[in-house]
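Trainee: Take a look at this one; I'll ask things after.
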Amino acid sequence: MKHLGLTHIILSGLVVWAVPFLVSMPFFDRGGNLLIDIFAFKTLMILVSSLIGLWLLARFLGKSQTKQHHTGLAIGLIWLGINWVLDFLILLPLQGIGPQEYFLATGLRYLHIPFAGFFMGLALHSHAKEVEVSGRTAR
């Protein structure tokens, strides 16, 4: 993972958090009240964060030469930590909620990040091994 650049991974983790945060802003009034249905909002946030996160993850794992599943899991755990820290610093005070309510309402949903990293990496790793065994050239 070192050759992928830890700084770049951390900066990308900040982007994974910031893009949904910025996209969410028009859905709140000045008083902090949600202007659309909560379930529609949470669905939109999951879609936006998945889109940006999976795209960045694919770019990183495409550059990784070996053990992409380990790299994907490591990146996912770093991004998970970044998301939780930024939420604790920014969202919890804005929403006026405690840690337990946060984890039940939002925080646990971020666990998909390391899962996606691991399984995307596993698929790439398995494909590379299959190509190696068959003697074909990987694209």
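The values are calculated or read from the model by the stated rules, or taken from the named source; none is laboratory data. Computed from a prediction, not measured in an experiment: that's the story for all the values here. Neighbour counts are summed over all protein chains in view; Cβ atoms, including those assigned to glycine, are modelled from backbone coordinates with ideal geometry.
Trainee: Does Ile36 fit the bill of being part of a helix (DSSP H, G or I), among the aliphatic types (A, V, I, L, M), out of contact with any Pro (no Cβ under 6 Å at 6 or more places or on another chain) and at pLDDT 95 or above?
Mentor: Answer is no for this residue.
Trainee: Based on what the data block shows, is Trp84 surrounded by 15 or more Cβ atoms within 10 Å (Cβ to Cβ), free of Cβ contacts under 8 Å to residues at least 60 places away in the same chain and either of a type outside the set (A, V, I, L, M) or part of a helix (DSSP H, G or I) (or both)?
Mentor: For Trp84, the condition - surrounded by 15 or more Cβ atoms within 10 Å (Cβ to Cβ), free of Cβ contacts under 8 Å to residues at least 60 places away in the same chain and either of a type outside the set (A, V, I, L, M) or part of a helix (DSSP H, G or I) (or both) - is met.
Trainee: On the given criteria, is Phe103 under 20 Å from Val19 (Cβ atoms), surrounded by 12 or more Cβ atoms within 10 Å (Cβ to Cβ) and aromatic (Phe, Trp, Tyr)?
Mentor: The answer is no for Phe103.
Trainee: Is it true that some residue in region 14-32 is hydrophobic (A, V, I, L, M, F, W, C) and touching a strand residue (DSSP E or B) at 6+ places or on another chain (Cβ under 8 Å)?
Mentor: Checking region 14-32: at least one residue is hydrophobic (A, V, I, L, M, F, W, C) and touching a strand residue (DSSP E or B) at 6+ places or on another chain (Cβ under 8 Å).
Trainee: Next question, about the same structure. When you look at Leu44, is it touching a Pro at 6+ places or on another chain (Cβ under 9 Å), free of Cβ contacts under 8 Å to residues at least 12 places away in the same chain and at negative phi, yes or no?
Mentor: no
Trainee: Something else about it: Trp79 fails exactly one of the following numbered conditions: (1) loosely packed, with under 14 Cβ neighbours inside 10 Å; (2) touching a helix residue (DSSP H, G or I) at 6+ places or on another chain (Cβ under 9 Å); (3) in a helix (DSSP H, G or I). What is the number of that condition?
Mentor: The failed condition is (1).
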